[in-house]
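Read the structure below first, then the notes.
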Amino acid sequence: LRNNYLTAIAGAGDEAALEEIRVAALGKKGEISLKMRELGQMDPATRQAAGAALNRLKDEIDAALRAKKSALADAALDARLKGEWLDVTLPGRPRRQGTIHPVSQVTEEVTAIFADMGFAVAEGPQIEDDWHNFDALNIPPEHPARQEHDTFFMARAEGDDRPPHVLRTHTSPVQIRAMAAQGAPIRVIAPGRVYRMDMDQTHTPMFHQVEGLAIDRDISMANLKWVLEEFCRSFFEVDSVELRFRASHFPFTEPSAEVDIRCSWEGGQLKIGEGDKWMEILGSGMVHPKVLSAAGVDPNEWQGFAFGMGIDRLAMLKYGIPDLRAFFESDLRWLRHYGFAA
Ligand code: PHE
(Lines give C-alpha, C1' and ligand atoms only; values in the text may rest on other atoms or scores of the structure.)
Protein backbone atom coordinates (compact mmCIF):
# COMPACT_ATOMS: atom_id res chain seq x y z
CA LEU A 1 0.00 0.00 0.00
CA ARG A 2 2.66 2.39 1.07
CA ASN A 3 4.87 1.66 -1.95
CA ASN A 4 1.93 1.97 -4.33
CA TYR A 5 1.13 5.45 -3.13
CA LEU A 6 4.68 6.70 -2.88
CA THR A 7 5.41 5.48 -6.43
CA ALA A 8 2.23 7.11 -7.75
CA ILE A 9 3.12 10.40 -6.06
CA ALA A 10 6.66 10.37 -7.46
CA GLY A 11 5.24 9.79 -10.94
CA ALA A 12 2.50 12.46 -10.82
CA GLY A 13 2.92 14.94 -13.67
CA ASP A 14 0.86 17.82 -12.35
CA GLU A 15 -1.21 19.09 -9.44
CA ALA A 16 -4.43 17.52 -10.70
CA ALA A 17 -2.86 14.05 -10.66
CA LEU A 18 -1.59 14.68 -7.15
CA GLU A 19 -5.05 15.69 -5.99
CA GLU A 20 -6.50 12.45 -7.40
CA ILE A 21 -3.97 10.45 -5.42
CA ARG A 22 -4.73 12.43 -2.26
CA VAL A 23 -8.47 11.76 -2.59
CA ALA A 24 -7.87 8.06 -3.28
CA ALA A 25 -5.70 7.68 -0.17
CA LEU A 26 -6.76 10.25 2.37
CA GLY A 27 -10.13 11.55 1.12
CA LYS A 28 -13.33 10.77 3.08
CA LYS A 29 -13.74 7.52 1.20
CA GLY A 30 -10.04 7.09 0.66
CA GLU A 31 -8.36 3.76 1.17
CA ILE A 32 -6.50 4.81 4.29
CA SER A 33 -9.45 6.69 5.75
CA LEU A 34 -11.55 3.54 5.40
CA LYS A 35 -8.87 1.48 7.12
CA MET A 36 -8.81 4.03 9.97
CA ARG A 37 -12.53 3.55 10.36
CA GLU A 38 -12.08 -0.24 10.63
CA LEU A 39 -9.88 0.31 13.72
CA GLY A 40 -13.02 0.58 15.88
CA GLN A 41 -13.89 -3.10 15.42
CA MET A 42 -10.45 -4.35 16.48
CA ASP A 43 -9.46 -5.50 19.94
CA PRO A 44 -7.46 -2.90 21.85
CA ALA A 45 -4.02 -4.46 21.41
CA THR A 46 -4.29 -4.89 17.62
CA ARG A 47 -5.93 -1.47 17.32
CA GLN A 48 -3.05 0.24 19.04
CA ALA A 49 -0.45 -1.28 16.76
CA ALA A 50 -2.52 -0.87 13.56
CA GLY A 51 -3.59 2.64 14.53
CA ALA A 52 -0.01 3.80 15.02
CA ALA A 53 1.05 2.21 11.72
CA LEU A 54 -1.85 3.79 9.82
CA ASN A 55 -1.15 7.20 11.30
CA ARG A 56 2.48 6.95 10.28
CA LEU A 57 1.45 5.94 6.79
CA LYS A 58 -1.01 8.82 6.58
CA ASP A 59 1.65 11.33 7.67
CA GLU A 60 4.15 9.87 5.27
CA ILE A 61 1.80 10.11 2.31
CA ASP A 62 0.74 13.57 3.33
CA ALA A 63 4.37 14.71 3.50
CA ALA A 64 5.16 13.10 0.14
CA LEU A 65 2.16 14.89 -1.45
CA ARG A 66 3.30 18.25 -0.11
CA ALA A 67 6.89 17.73 -1.21
CA LYS A 68 5.80 16.70 -4.71
CA LYS A 69 3.44 19.64 -4.91
CA SER A 70 6.13 22.17 -4.16
CA ALA A 71 8.56 20.41 -6.52
CA LEU A 72 5.99 20.70 -9.31
CA ALA A 73 5.50 24.41 -8.54
CA ASP A 74 9.25 24.97 -8.64
CA ALA A 75 9.50 23.19 -12.00
CA ALA A 76 6.64 25.31 -13.38
CA LEU A 77 8.37 28.50 -12.23
CA ASP A 78 11.66 27.39 -13.76
CA ALA A 79 9.95 26.70 -17.06
CA ARG A 80 8.33 30.13 -17.03
CA LEU A 81 11.56 31.90 -16.21
CA LYS A 82 13.28 30.08 -19.03
CA GLY A 83 10.59 31.14 -21.47
CA GLU A 84 10.67 34.77 -20.42
CA TRP A 85 14.42 35.06 -20.27
CA LEU A 86 15.75 38.41 -21.35
CA ASP A 87 19.35 39.01 -22.42
CA VAL A 88 20.12 42.48 -21.17
CA THR A 89 23.59 42.31 -22.69
CA LEU A 90 22.28 42.16 -26.29
CA PRO A 91 23.09 45.32 -28.26
CA GLY A 92 20.09 47.63 -28.87
CA ARG A 93 18.49 47.98 -32.28
CA PRO A 94 19.79 51.24 -33.75
CA ARG A 95 17.27 53.92 -34.67
CA ARG A 96 18.16 56.57 -37.20
CA GLN A 97 18.10 60.08 -35.82
CA GLY A 98 16.96 63.11 -37.72
CA THR A 99 19.49 65.90 -38.22
CA ILE A 100 19.57 69.52 -39.25
CA HIS A 101 19.46 70.25 -42.98
CA PRO A 102 22.67 71.93 -44.24
CA VAL A 103 20.79 75.09 -45.18
CA SER A 104 19.23 75.34 -41.72
CA GLN A 105 22.59 74.64 -40.16
CA VAL A 106 24.32 77.36 -42.16
CA THR A 107 21.48 79.78 -41.41
CA GLU A 108 21.99 79.12 -37.70
CA GLU A 109 25.75 79.60 -37.97
CA VAL A 110 25.35 82.84 -39.92
CA THR A 111 22.78 84.15 -37.46
CA ALA A 112 25.03 83.33 -34.50
CA ILE A 113 28.06 85.06 -36.03
CA PHE A 114 26.15 88.25 -36.80
CA ALA A 115 24.44 88.14 -33.42
CA ASP A 116 27.91 88.39 -31.88
CA MET A 117 28.39 91.57 -33.87
CA GLY A 118 25.14 93.05 -32.59
CA PHE A 119 22.79 92.20 -35.46
CA ALA A 120 19.22 91.20 -34.59
CA VAL A 121 17.08 89.05 -36.88
CA ALA A 122 14.32 90.69 -38.94
CA GLU A 123 11.66 88.96 -41.03
CA GLY A 124 9.39 89.67 -43.94
CA PRO A 125 6.81 87.78 -46.03
CA GLN A 126 7.81 85.47 -48.86
CA ILE A 127 4.81 86.67 -50.86
CA GLU A 128 5.75 90.31 -51.13
CA ASP A 129 4.06 93.28 -52.70
CA ASP A 130 5.53 94.93 -55.72
CA TRP A 131 6.32 98.10 -53.78
CA HIS A 132 8.50 96.45 -51.11
CA ASN A 133 10.25 94.11 -53.54
CA PHE A 134 10.95 96.78 -56.16
CA ASP A 135 9.74 100.40 -55.92
CA ALA A 136 10.89 101.11 -52.37
CA LEU A 137 14.26 99.67 -53.35
CA ASN A 138 14.57 102.25 -56.10
CA ILE A 139 13.52 99.84 -58.84
CA PRO A 140 10.68 101.66 -60.64
CA PRO A 141 8.38 99.74 -63.03
CA GLU A 142 10.37 100.51 -66.16
CA HIS A 143 13.71 99.64 -64.54
CA PRO A 144 15.62 96.86 -66.37
CA ALA A 145 16.47 95.21 -63.02
CA ARG A 146 12.85 94.02 -62.86
CA GLN A 147 13.42 91.80 -65.88
CA GLU A 148 16.75 90.59 -64.56
CA HIS A 149 15.06 89.22 -61.48
CA ASP A 150 13.09 86.50 -63.31
CA THR A 151 10.20 87.17 -61.01
CA PHE A 152 7.36 84.77 -60.14
CA PHE A 153 4.11 86.76 -60.12
CA MET A 154 1.01 85.83 -58.14
CA ALA A 155 -2.22 85.79 -60.16
CA ARG A 156 -4.72 88.59 -59.52
CA ALA A 157 -8.47 88.15 -59.77
CA GLU A 158 -9.87 89.11 -63.16
CA GLY A 159 -10.53 92.82 -63.42
CA ASP A 160 -8.12 93.65 -60.59
CA ASP A 161 -5.42 95.72 -62.24
CA ARG A 162 -3.31 96.50 -59.21
CA PRO A 163 0.26 95.29 -59.68
CA PRO A 164 0.47 91.60 -58.78
CA HIS A 165 2.18 90.39 -55.64
CA VAL A 166 5.42 88.54 -56.25
CA LEU A 167 7.40 85.78 -54.63
CA ARG A 168 10.16 87.94 -53.24
CA THR A 169 13.19 87.84 -55.52
CA HIS A 170 15.61 88.82 -52.74
CA THR A 171 15.63 89.54 -49.00
CA SER A 172 16.19 93.27 -49.61
CA PRO A 173 12.49 94.16 -49.06
CA VAL A 174 13.08 93.26 -45.41
CA GLN A 175 15.41 96.30 -45.26
CA ILE A 176 12.36 98.46 -45.96
CA ARG A 177 10.11 96.63 -43.51
CA ALA A 178 12.67 96.65 -40.71
CA MET A 179 13.48 100.36 -41.09
CA ALA A 180 9.80 101.28 -41.40
CA ALA A 181 9.06 99.34 -38.21
CA GLN A 182 12.09 100.28 -36.08
CA GLY A 183 13.55 103.44 -37.62
CA ALA A 184 17.22 104.24 -37.17
CA PRO A 185 19.74 103.38 -35.81
CA ILE A 186 19.26 99.76 -36.76
CA ARG A 187 21.41 96.67 -37.17
CA VAL A 188 19.64 93.58 -38.52
CA ILE A 189 20.10 90.55 -40.68
CA ALA A 190 17.23 88.89 -42.52
CA PRO A 191 17.71 85.27 -43.53
CA GLY A 192 15.02 83.60 -45.60
CA ARG A 193 13.70 82.07 -48.79
CA VAL A 194 13.68 83.88 -52.09
CA TYR A 195 12.46 82.85 -55.55
CA ARG A 196 13.59 83.30 -59.12
CA MET A 197 12.79 81.42 -62.31
CA ASP A 198 16.14 79.79 -62.67
CA MET A 199 17.33 76.19 -62.58
CA ASP A 200 20.74 74.65 -63.20
CA GLN A 201 23.59 73.15 -61.21
CA THR A 202 24.07 76.27 -59.14
CA HIS A 203 20.56 77.76 -59.25
CA THR A 204 17.23 76.53 -57.91
CA PRO A 205 13.92 78.41 -58.30
CA MET A 206 13.77 78.68 -54.51
CA PHE A 207 16.92 79.51 -52.63
CA HIS A 208 18.05 81.29 -49.47
CA GLN A 209 19.61 84.65 -48.84
CA VAL A 210 20.67 86.55 -45.80
CA GLU A 211 20.34 90.32 -45.90
CA GLY A 212 22.42 92.57 -43.69
CA LEU A 213 21.61 96.16 -42.81
CA ALA A 214 23.41 98.61 -40.53
CA ILE A 215 22.22 102.20 -40.32
CA ASP A 216 23.62 104.83 -37.96
CA ARG A 217 24.98 108.37 -38.13
CA ASP A 218 28.45 107.64 -39.44
CA ILE A 219 28.60 104.11 -40.84
CA SER A 220 30.91 103.77 -43.84
CA MET A 221 32.16 101.22 -46.38
CA ALA A 222 35.06 100.58 -43.98
CA ASN A 223 32.61 99.18 -41.44
CA LEU A 224 31.07 97.02 -44.17
CA LYS A 225 34.48 95.65 -45.08
CA TRP A 226 35.33 94.82 -41.47
CA VAL A 227 32.00 93.14 -40.78
CA LEU A 228 32.24 90.99 -43.90
CA GLU A 229 35.84 89.98 -43.18
CA GLU A 230 34.98 89.08 -39.60
CA PHE A 231 32.04 87.08 -40.83
CA CYS A 232 34.06 85.14 -43.41
CA ARG A 233 36.88 84.31 -41.00
CA SER A 234 34.40 83.03 -38.51
CA PHE A 235 32.16 81.19 -40.95
CA PHE A 236 34.92 79.48 -42.94
CA GLU A 237 36.99 78.91 -39.79
CA VAL A 238 40.20 80.37 -41.21
CA ASP A 239 42.67 82.80 -39.62
CA SER A 240 42.63 85.20 -42.51
CA VAL A 241 40.51 85.77 -45.56
CA GLU A 242 41.05 88.07 -48.46
CA LEU A 243 38.03 89.81 -49.91
CA ARG A 244 37.92 91.67 -53.19
CA PHE A 245 35.43 94.51 -53.52
CA ARG A 246 34.45 94.92 -57.16
CA ALA A 247 32.58 98.05 -58.25
CA SER A 248 29.11 97.03 -59.31
CA HIS A 249 25.60 98.34 -59.52
CA PHE A 250 22.44 97.77 -57.54
CA PRO A 251 19.59 100.27 -57.70
CA PHE A 252 19.28 100.24 -53.88
CA THR A 253 22.92 100.93 -53.00
CA GLU A 254 25.33 103.68 -53.99
CA PRO A 255 28.17 102.98 -54.27
CA SER A 256 27.71 99.25 -54.83
CA ALA A 257 30.20 96.45 -54.65
CA GLU A 258 30.18 92.77 -55.36
CA VAL A 259 32.48 90.87 -53.05
CA ASP A 260 34.67 87.92 -53.99
CA ILE A 261 36.62 85.68 -51.64
CA ARG A 262 40.11 84.35 -52.39
CA CYS A 263 40.17 80.59 -52.77
CA SER A 264 41.78 77.69 -54.55
CA TRP A 265 40.17 74.84 -56.42
CA GLU A 266 42.39 71.83 -56.80
CA GLY A 267 41.45 68.22 -57.37
CA GLY A 268 37.85 68.97 -56.58
CA GLN A 269 38.90 70.48 -53.25
CA LEU A 270 37.94 74.03 -52.46
CA LYS A 271 40.12 75.99 -50.05
CA ILE A 272 39.05 79.34 -48.70
CA GLY A 273 41.63 82.02 -47.88
CA GLU A 274 44.43 80.95 -50.21
CA GLY A 275 44.99 80.35 -53.90
CA ASP A 276 44.58 82.33 -57.10
CA LYS A 277 40.84 82.05 -57.65
CA TRP A 278 38.07 84.46 -56.67
CA MET A 279 34.58 83.30 -55.82
CA GLU A 280 31.74 85.79 -55.75
CA ILE A 281 29.85 85.53 -52.47
CA LEU A 282 27.67 88.60 -52.10
CA GLY A 283 26.36 91.96 -53.24
CA SER A 284 26.63 95.04 -51.07
CA GLY A 285 26.89 98.79 -50.87
CA MET A 286 25.87 101.94 -49.05
CA VAL A 287 22.11 102.14 -48.75
CA HIS A 288 20.72 104.53 -51.36
CA PRO A 289 19.18 107.74 -49.91
CA LYS A 290 15.97 107.04 -51.82
CA VAL A 291 15.69 103.68 -50.04
CA LEU A 292 16.10 105.34 -46.63
CA SER A 293 13.41 107.87 -47.55
CA ALA A 294 11.03 105.19 -48.79
CA ALA A 295 11.37 103.48 -45.40
CA GLY A 296 10.79 106.73 -43.49
CA VAL A 297 14.40 107.24 -42.42
CA ASP A 298 15.91 110.71 -43.01
CA PRO A 299 18.91 110.35 -45.37
CA ASN A 300 20.31 113.65 -44.13
CA GLU A 301 20.75 112.22 -40.69
CA TRP A 302 21.34 108.50 -41.27
CA GLN A 303 23.48 106.38 -43.50
CA GLY A 304 24.73 102.82 -43.62
CA PHE A 305 25.48 99.68 -45.53
CA ALA A 306 23.53 96.69 -46.76
CA PHE A 307 24.57 93.35 -48.16
CA GLY A 308 22.90 90.22 -49.44
CA MET A 309 24.43 86.79 -49.79
CA GLY A 310 23.30 83.36 -50.84
CA ILE A 311 23.04 80.95 -47.93
CA ASP A 312 22.96 77.86 -50.15
CA ARG A 313 26.06 79.15 -51.91
CA LEU A 314 27.78 79.51 -48.54
CA ALA A 315 26.81 75.94 -47.67
CA MET A 316 28.16 74.64 -50.99
CA LEU A 317 31.47 76.42 -50.38
CA LYS A 318 31.83 75.35 -46.77
CA TYR A 319 30.92 71.71 -47.30
CA GLY A 320 32.27 71.25 -50.83
CA ILE A 321 28.92 70.38 -52.37
CA PRO A 322 28.92 70.82 -56.15
CA ASP A 323 25.24 70.64 -57.07
CA LEU A 324 22.78 73.01 -55.44
CA ARG A 325 19.71 71.11 -56.65
CA ALA A 326 20.55 68.17 -54.38
CA PHE A 327 19.87 70.42 -51.37
CA PHE A 328 16.14 70.28 -52.04
CA GLU A 329 15.61 66.72 -53.24
CA SER A 330 15.31 65.23 -49.74
CA ASP A 331 17.48 62.29 -50.78
CA LEU A 332 18.64 60.67 -47.56
CA ARG A 333 21.59 59.01 -49.30
CA TRP A 334 22.85 62.46 -50.29
CA LEU A 335 22.29 63.89 -46.81
CA ARG A 336 24.17 60.95 -45.30
CA HIS A 337 27.00 61.26 -47.78
CA TYR A 338 27.66 64.81 -46.62
CA GLY A 339 27.17 63.85 -43.01
CA PHE A 340 23.87 65.68 -42.62
CA ALA A 341 21.90 62.57 -41.65
CA ALA A 342 22.69 59.57 -39.51
N1 PHE B 1 19.49 92.02 -53.26
C2 PHE B 1 20.69 91.79 -54.01
C3 PHE B 1 20.53 90.46 -54.78
O4 PHE B 1 19.60 89.77 -54.58
C5 PHE B 1 21.90 91.67 -53.11
C6 PHE B 1 22.20 92.94 -52.38
C7 PHE B 1 21.67 93.16 -51.14
C8 PHE B 1 23.02 93.89 -52.94
C9 PHE B 1 21.94 94.33 -50.45
C10 PHE B 1 23.31 95.06 -52.27
C11 PHE B 1 22.78 95.26 -51.03
O12 PHE B 1 21.34 90.13 -55.60
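The values are calculated or read from the model by the stated rules, or taken from the named source; none is laboratory data. This one's a predicted model, so the numbers in the text were calculated from it and none came from an experiment. Please note: Cβ atoms are built from the backbone with ideal geometry, for glycine as well, and neighbour counts cover all protein chains shown. Just the protein is used for accessible areas: all its heavy atoms, side chains included, with ligands, DNA and RNA removed. Shrake-Rupley method; radii C 1.70, N 1.55, O 1.52, S 1.80 Å.
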Solvent exposure, largest accessible area first (probe 1.4 Å, DNA, RNA and ligands not counted), of W131, W302: W131, W302
Expected-Rg normalisation [2.2 N^0.38 Å, Cα atoms] applied to the range 202-342: 1.20
Accessible area (Å², 1.4 Å probe, nearest 10) - R156: 80
Average accessible surface area per residue within the chain, 1.4 Å rolling probe, Å²: 57
Cross-link partners of K58 among lysines (Cα-Cα below 30 Å; sequence separation of 8 or more within a chain): K28, K29, K35, K68, K69
Cα Rg, Dmax, the range 276-342, angstrom units: 18.8, 55
Top positive-direction residue, dipole computed over the range 289-340 with Cβ charges, set F327, M309, P299: F327
Pairwise Cα inverse-distance average, inverted: Kirkwood Rh of the range 1-72 (Å): 12.7
Assigned charges on the beta-carbon of Lys, Arg, Asp, Glu; the chain dipole about Cα centre (debye): 2640
Trypsin sites (Lys or Arg not before Pro) within the range 187-246, DSSP loop, no more than 14 other Cβ atoms inside 10 Å: R217
Computed over the range 46-165, Kirkwood Rh from alpha-carbon pairs, angstrom: 25.0
Cβ-defined net charge surrounding D150, 9 Å radius [Lys, Arg +1; Asp, Glu -1]: -1
Under 26 Å from K225, Cα to Cα: lysines that are on another chain or at least 8 residues apart: K271, K277, K290, K318
Ratio of the Cα radius of gyration of the chain to 2.2 N^0.38 Å, where N counts its residues: 2.19
